[in-house]
Every structure is written in structure tokens, then in C-alpha cells.
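The values are calculated or read from the model by the stated rules, or taken from the named source; none is laboratory data. These figures come from a predicted structure and were not determined experimentally. Counting neighbours? That spans all protein chains shown, and the Cβs are built from the backbone with ideal geometry, glycine included. We work out accessible area using only protein heavy atoms, side chains counted, and drop any ligands, DNA or RNA first. Shrake-Rupley method; radii C 1.70, N 1.55, O 1.52, S 1.80 Å.
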Amino acid sequence: HPSVNMVSILSLPLPELSKKLRDGSLPPDHVFYAYVGKALQIATETNCITEFLQESETQLRKAKLMEKQGLLYGVPVSIKDSIDCQGHDSTLGFIKNLSKPAAEDSVVVQVLKRQGAIPFVKTNVPQSLISYDCKNLIFGQTCNPLLYTRTPGGSSGGEGALVGGGGSVLGIGTDVGGSLRFPAAFCGICAIKPTGNRLSKRGVMAGVVGQKAVAAAVGPLAKDVESLALCLRALLSEDMFSLDSTVPPLPFNEEVYSSTKPLRIGYYETDFFTMPSPAMRRAVRETKQLLEEAGHTLVPFELTNVDCVVFNYCVRGMFADGGRSFVKKFKGEMEKGGTGLLFWLAKAPHWLKTLLSWIAKPFVPRFSSIVRSMKENTVDEVWSLHHEIEDFCHQFIAQWKKLNLDVMLCPMLGPALGIGYPAKLSVAVSYTMLYNALDFPAGVVPVTLVTDEDEEELKGYKGYYQDWWDRTLVKAFRGSVGMPVAVQCVALPWQEELCLRFMKEVETL
């Protein structure tokens, strides 16, 4: 329509957009079609959308007649493939899941609709979701909107590409090892992974069903922190708590989010497991300096045992059945590409894993550990693993409390790796996976771009183990000048508002 100024609509941040929709200065259909047009363009460039939700147009007409306008009235929202939308497939990239439409909306989608939002597209994921790339045989490879040879991250990769490219003002994804944080960091946007049960997971499909060792979470992605806060305000409503009584009835705490008192912030530059790229290290240092100048107190935090967390808790926790249920998912599928090593190990017989692990130990300790973590566990072994994770969590919190911290500033893997590299670099999830094992809220804020100096410094990158993974990671980082790099902001369980408040501080500085 000639009177619609698409450019100005698309440039509005979510809080302003929703305000204009609610006060009637912007008609919902102008906003809707502006985003449909832009989403189509980004989808053509990056292949990030799996499906247009046809019923969104009916919903748009209904929205105009709504008496009570929700916080997200008239806002078009994109939804990750694995989150159920009634009448549409949640494929997880598996061919066998085609033409099996969901019987009803997931709770998150129901709440979004009650708040006036209009879910309008579903977005691409990697096959099985256990990957931080974004490719499957049904929909193909999704590219990074900032540089097409790079991955958008995963498993909420379609969301990262669409929101990062400006084709959606708000996206909903999931995270079990970094699946919200990778796409946000790689595509230069913000995201928050809440505590596992802060938002309902009813009607959300998981990559590995039933495992309790590593906490999955549902969360939003958007261009800025204020938009994430608005989304959580809308979702943490009576509707959410009545539709899913297992979610604690904690409404959004405005007081914590808008507080301005100086913070005590823990920080570290490396986890001593995955050597940070020069840009990652610089991102943390520069952010730390700005926070100090703004009157916050920064305290070094000693991180230990990350290798144990990655292998013993995360890999072993997710594949405690020796990877049996994971392998079963692939039955009859034509490709197992994106999860290469994990799939191969899950299929290998027990004696071969034991032998491989023993032979590899002196030469490639990390490979040996990953093989060892993929063995089948007895029930009492699984229980003692859960007990170990609980212990680790309490020790971590004790260390946090001893330093009297409010929040923590941490590195985030980046810049975006080349397409295909995540499948070869499963160990590089250490920075994000830690906070799924601990079940702490963790958000990502872009803070800088890769410089020529960073690229030059990368030539000296060795890694901590100097194994095949370290050599591959440095190749994956190369040639990234101008790509965004983020930091992670972390808070204690159930402190999403404090986490967002800290993210806002970092974003502003």
C-alpha cells in the first residue's frame, strides 16, 4: 500500500512498535505486511523460514476486534520449528516428522496469542537440534545474514538469521547447550536463556527427550535488551501460570529490572578448555573496563573443572543411555551429517568405545573423554551423576556467594564459524553449556566487531590442548573482520530480571 512507510515501521524497536500499535497510531495490518515482506526477502537470502503460518492473517483480522489489548498487541512473532503451532509440523529436521501437524499450540504460543501477538512464520533448525549449525535435508542450510559463508548458529539458527536480518522483531527459540545464545551472538542480536522452568516447555519438542541432567529452556531473541524484557513481561502472566501449573507463578519483577544501584560483577576471560579467540578476550576486557568506569565493581572469578562439566555432566548426561534414544531418532533418515562424531560414537559398541578411549587418552585426551562419556550407564550411575551435578551447582553458588556477586560477565564463542564447522567442533560449546548444566539464566549482548588486529593476533592461536579440535577452531574463526562478537551475562537461578538489567547496562555502555 503506497501510504505504508515500510522502512520506518521496520526500524522501530519492539517497545516503540508495540506502543504505537496499542495507541492506534500504527494499524496492525501495516506492521504485519511490512514484516511479511521483509521476512520474505531475508528468507530468500538466508533460507531461514520453513513455513508461513497462513492462519496469521485470520488472527490479524481478529486482533483488530480485540477488546483488551495485550502487551504484544499486533506484533508479528517468529517461532522456532520445534515449538508446536496447531496444524503445523514440528519436524526437528527429520523427514519422518513431515505431515504430522501439532494438535494444539504450545503453551508459549497460546500465551503469545492471548497477549495479542501474531505468530507468522516457523524457522529452520539443524536435524535433531543437537548442533549449533542450521541444516537438514528437508529445508537445507540456513546462512548468516551478515555473511553468507558463515553459520547463523543453532539450533535456533533460523530465528537468529531472521531476527538478525530484520525480518522479525521478536523470535522464540530454545536452548539446551547454547541454542539461543549461539544464533544471537553469531547474528549480532540479543537473546536470553532463562532458568529451565521459568517459561513453559509444554508443546516444545526436545532433541533428547526425558533427560534431566542438562536443563533446556525456552527464550526470546530480539535486536535489543528492552525488547527481550517486554517479551518476558508479556509471557510471565497469569495466562502462562494457569495454562501450565508446573511453571512457578513468578511475574516479571519490574523493581529489579529498573534498579540502578551499582553491581558486583564476577568475570573471567577464559574457561581454560576452549581458548578464546582474540576478539572474544577483547570483548570481555573492554566490557569490564566500561563497567568499572560506570561505577560497578568487577571481581575476577576462577573457573575450574570445565572439562568435567562438558564431558562428564553434559555429554554423559545427555547420552546416559549410550546414545540409544538419540540413534533411534535417526532411524530411516537419509542423513546424519550435522552431528557426525556424536552419532558415530552413539552407534559404536561398548567394547570399541572402551578401547578407543584407552588408546586415545595419552595423545588426544579430549577425544578420549568424549568417547568415555558416551557409554551406557546403569540406573545407579545416572542417579549418582545427577547427584554430582547438584553438588557442582552448589559449589559454584558457594563460590559466587563468597565473592558476594550479583551477576557474572563471561565470554561467548565468536565470531560466527564458517558453515559446516560446528559439526566438527562439538567441544567448543563449553562457554554456553556450563550454564545449562548449572541451570542459570544467561543472556548474550553483542559488544564489538572483529578488527584487523584481532585477525592478525589469531595467527598465534594455539589452543589449550593443541589437538585436532584446536587446529580446526582457528580455521573456523579466520576471515571474520567486521563480524559481531558478544559477551554472556549470567545471573543466579530465577533471577532473569537481574540478568536483563545487567545486559541492559552492558548494551548501554
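Viscosity 0.692 mPa s, temperature 37 °C: give me the Stokes-Einstein translational D for the chain in µm²/s, with Rh taken as the Kirkwood radius over C-alpha pairs.
Values: Rh = 22.8 Å.
Using the Kirkwood radius from Cα pairs, D works out to 144 µm²/s.
Please state the relative contact order of the chain as a whole percent: Cα pairs under 8 Å, 6+ residues apart?
Averaging sequence separation for qualifying contacts and normalising by length gives 17 percent for the chain.
Using a probe of 1.4 angstrom, how much of the accessible area of the range 321-376 is carbon and sulfur, in percent?
Percent of accessible area from carbon and sulfur atoms in the range 321-376: 69.
For the range 321-376, calculate the relative contact order in percent as a whole number, restricting contacts to Cα pairs under 8 Å that are 6 or more residues apart.
Relative contact order comes out at 41 percent.
May I ask you to order 96-109, 386-399, 215-228 by the average number of other C-beta atoms within 10 Å around their residues, highest value first? Please report the intermediate quantities before stating the final value.
Working: 96-109: 16.6, 386-399: 14.2, 215-228: 24.4.
Descending mean neighbour count gives 215-228, 96-109, 386-399.
Please arrange TRP468, TRP383, TRP358 by accessible surface area, largest first, computed with a 1.4 Å probe and ligands excluded.
The ordering from most to least exposed comes out as TRP358, TRP383, TRP468.
Using a 1.4 Å probe and counting only protein heavy atoms, arrange LYS328, LYS193, LYS38 so the residue with the most accessible area comes first.
Values: LYS328 140, LYS193 0, LYS38 45 Å².
In descending accessible area the options line up as LYS328, LYS38, LYS193.
Where the Cα atoms of the range 395-437 are projected onto their three principal axes, how long is each span, largest first, in whole Å?
If we take the Cα atoms of the range 395-437, the spans are 42, 18, 11 Å.
Report relative contact order for the range 6-245 in percent, whole number only (criteria: Cα-Cα under 8 Å, sequence separation at least 6).
21
Kirkwood Rh and Cα-based Rg: tell me the resulting Rg over Rh for the range 6-245, rounded to two decimals.
Here Rg/Rh amounts to 0.93.
Can you send over the solvent-accessible area of VAL256, 1.4 Å probe, protein chains only, in Å² to the nearest 10?
Estimated to the nearest 10 Å², VAL256 gives 50 Å².
Could you calculate the FRET efficiency of SER384 with VAL299 from 1/(1 + (r/R0)^6), where r is the beta carbon distance between them and R0 is 45 Å, rounded to 0.05? Don't skip to the answer; put the middle values down first.
Numbers: r = 33 Å, r/R0 = 0.74.
So, using R0 = 45 Å, E works out to roughly 0.85.
For the range 321-376, what value does the Rg/Rh ratio take when both radii are computed over Cα atoms and Rh is the Kirkwood radius, given to two decimals?
The Rg/Rh ratio comes out at 1.01.
Which residue, chosen from VAL77, ILE359, ALA34, occupies the Cα position most advanced towards the positive end of the dipole of the chain, where the dipole is computed from +1 (Lys, Arg) and -1 (Asp, Glu) charges on Cβ about the Cα centre?
About the Cα centre, the residue reaching furthest to the positive side is ILE359.
Taking 45 Å as R0, compute the FRET efficiency from the Cβ-Cβ separation of LEU137 and LEU290 and round it to 0.05.
The formula returns an efficiency of 0.50 here.
Counting only heavy atoms of protein chains, what accessible area per residue, in Å², does the range 321-376 have with a probe of 1.4 Å? Let's see the in-between values first.
On the way: 3230 Å² over 56 residues.
It amounts to 58 Å² per residue over the range 321-376.
With a point put 7 Å past each Cα toward its Cβ, work out how far LYS347 is from VAL209 in nm, to one decimal.
Once both label points are built, they end up 2.2 nm from each other.
Hey, got a sec? Which GluC sites (Glu not before Pro) in the range 264-332 land in a DSSP loop and have at most 16 other Cβ atoms within 10 Å? The partial results should precede the final answer.
Numbers: sites: GLU269, GLU286, GLU292, GLU293, GLU302; in loops: GLU269, GLU302.
Sparse-neighbourhood loop GluC sites (Glu not before Pro): GLU302.
Protein chains only, probe 1.4 Å: how do TRP351, TRP400, TRP344 rank by accessible area, largest first?
Working: TRP351 165, TRP400 0, TRP344 130 Å².
Sorted descending by solvent-accessible area, the residues read TRP351, TRP344, TRP400.
Which value, in Å² rounded to 10, gives the accessible area of ASP175 with a 1.4 Å probe and all protein chains present?
Counting only protein heavy atoms, ASP175 exposes about 0 Å² to solvent.
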